[in-house]
Structure formats: structure tokens, C-alpha cells
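Shown next, in C-alpha cells, is the structure this report addresses.
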Amino acid sequence: MKSLETLFSDLKDIKVIDSTLSYYQYTPLDLSSSNLELNQLDISDAIEFETYIENFLAKNKASVAYGGYNEVRNLYKRSTVFNDSNTEERNIHIGLDLWIKAGTLVLAALDGKVHSFQNNTNLGDYGPTIILEHQLENHIFYTLYGHLALESIASIKSGDFFAKGQQLAFLGDCSVNGDYAPHLHFQIIKNMEGNFGDYPGVCSKNKLEYYLENCPDPNLLLKIY
């Protein structure tokens, strides 16, 4: 049986935000702890962070900034969701972020049905989140869409079907999306481990090997780079 990753390699023309935007309008963004420019920002201030993203896009003549898979970040130090005295710090991002303005259309990556959805309201969390369930040959897997607008989860229900490329949601702003600059967190998940409307998008170093296996690089699907 082919692996899920191999099956992904055969898929084409997959987008999860506004399909009118060509990948030529995308630019990579480094939000890792090694990006010293971020030290000049108050990254706990979502408005200042959004201004940074907007200026970065303008400088690079781009509409979308992307990146973040397997990236060690300092963005999460502000929240006890990722840092408490009893567990190892979670600071390694295991999804792909697409940074673009609030209100942008979010699309279903592939044919699938709604597995679950939830508003994850902790500081630094996903805010409104939708998880779709998919099947390719004998593989069942999931895609997670985080940092959405509230209206995105107002009228859906578990089991609803969405076709590849169909409008699924809209991006939320910092008032609802966990207090971030607007962006989509897109993640592939093999085993949901009983989670509902939520799944870790950031992990600790000692669990990285597991999460990289359970959450393959989303670019295998999207083929941005």
C-alpha cells in the first residue's frame, strides 16, 4: 500500500486560501527564534505584529506570506497554553501558516466531511477551528483550519461535506483568532487521538519525532515551494 505522503505527491492544484492568488504572489516568512528582527517587535501585540506582516508583504511585493512547518518560535512564550511549570515548553510549530488579511476565503484542501469544529478561545490558541476528515485509498486523515472568523462555525455541523476547493470559511482578525495577526494555520493529521475541534499545532522538542510523523509537512499537498 502506498504511503499517505506518496499519495500526496500525485495530487495537483490544491489551495486552501483564495484560489485567485497565484503562488507567484506568495513569499516565505521566517518567524523562527533565529530571526533577530523579531526581537525588535512586541510580538505580544497583535496589531504591531499585523503591521509587521503588512510591511513585509509590501516590501516583497507579495499578497501572502507562508512558512512555519517544524519551526522553533518564540511567539508562544506569552501564553501559559504553551508554557507552564509542569511540562516542557511547546515552541515548535507543526503546521503551515499562510499570512494574509482577515476576511480572506479559506478553501477545503480536498473532498471531505466535517469531523469537528470548535472555538478555542485561550490566548494564543486557534480561535474558531474546523477539522475535515478525508480518505485517499485506504488512508483516513484530517486537515485542520485554524484562526477563522466566528461566522465560519456558526452554521456548519459534523458530517457536512465540502468539495475540494469549496469555500469552507473566512479568516478571523485578532479579536477572535487567538490574538494574532490574521493568518490560516493549516495542518495535516493522521491520527486525531480522540481530539474534537482541536489538535496541537505546536509541540515540545521531546515529542517532535512523533508529531512530524503524525502531522506531515502540509507543503506535500500544497506544493508552494
Sole miss for ALA181 among (1) farther than 21 Å from SER63 by Cα; (2) touching a helix residue (DSSP H, G or I) at 6+ places or on another chain (Cβ under 9 Å); (3) not basic (Lys, Arg) is condition (1)
The residue that is farthest from ASP18 (Cα to Cα), considering only those in the range 203-225 that are touching a helix residue (DSSP H, G or I) at 6+ places or on another chain (Cβ under 6 Å) and either of a type in the set (D, E, K, R) or open to solvent by less than 30 Å² (accessible area, probe 1.4 Å) (or both), is CYS203
Look through the range 66-96, keep the residues that are at pLDDT 80 or above and more than 17 Å from SER34 (Cβ to Cβ), and return whichever of them is most open to solvent (accessible area, probe 1.4 Å).
-> ARG90
Could you please find all residues in the range 175-193 being within 13 Å of the chain's Cα centre (by Cα) and either assigned to a strand (DSSP E or B) or at positive phi (or both)?
-> GLY178, HIS183, LEU184, HIS185, PHE186, GLN187, ILE188, ILE189
Residue ID - farthest from HIS93 (Cα to Cα), chosen from residues in the range 117-135 that are part of a strand (DSSP E or B), of a type outside the set (D, E, K, R) and open to solvent by 40 Å² or more (accessible area, probe 1.4 Å) | GLN135
Just one of THR27, THR20 is among the hydroxyl-bearing types (Ser, Thr, Tyr) and surrounded by fewer than 13 Cβ atoms within 10 Å (Cβ to Cβ); which is it?
-> THR20
Is it the case that ALA108 is closer than 29 Å to GLU209 by Cβ, modelled with pLDDT of 95 or more and open to solvent by less than 20 Å² (accessible area, probe 1.4 Å)?
-> no
Just wondering, is there one or more residues in the range 143-158 that are over 28 Å from ASP45 (Cβ atoms), open to solvent by 10 Å² or more (accessible area, probe 1.4 Å) and touching an Asp or Glu at 6+ places or on another chain (Cβ under 6 Å)?
-> no
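The values are calculated or read from the model by the stated rules, or taken from the named source; none is laboratory data. Bear in mind the structure is a predicted one, so any value in this text is a computation, not a measurement. Don't worry about glycine lacking a Cβ; one is built from the backbone with ideal geometry, like all the others, and counts go over all protein chains shown. In case anyone asks, the SASA skips ligands and DNA or RNA and just uses the protein heavy atoms, side chains included. Shrake-Rupley method; radii C 1.70, N 1.55, O 1.52, S 1.80 Å.
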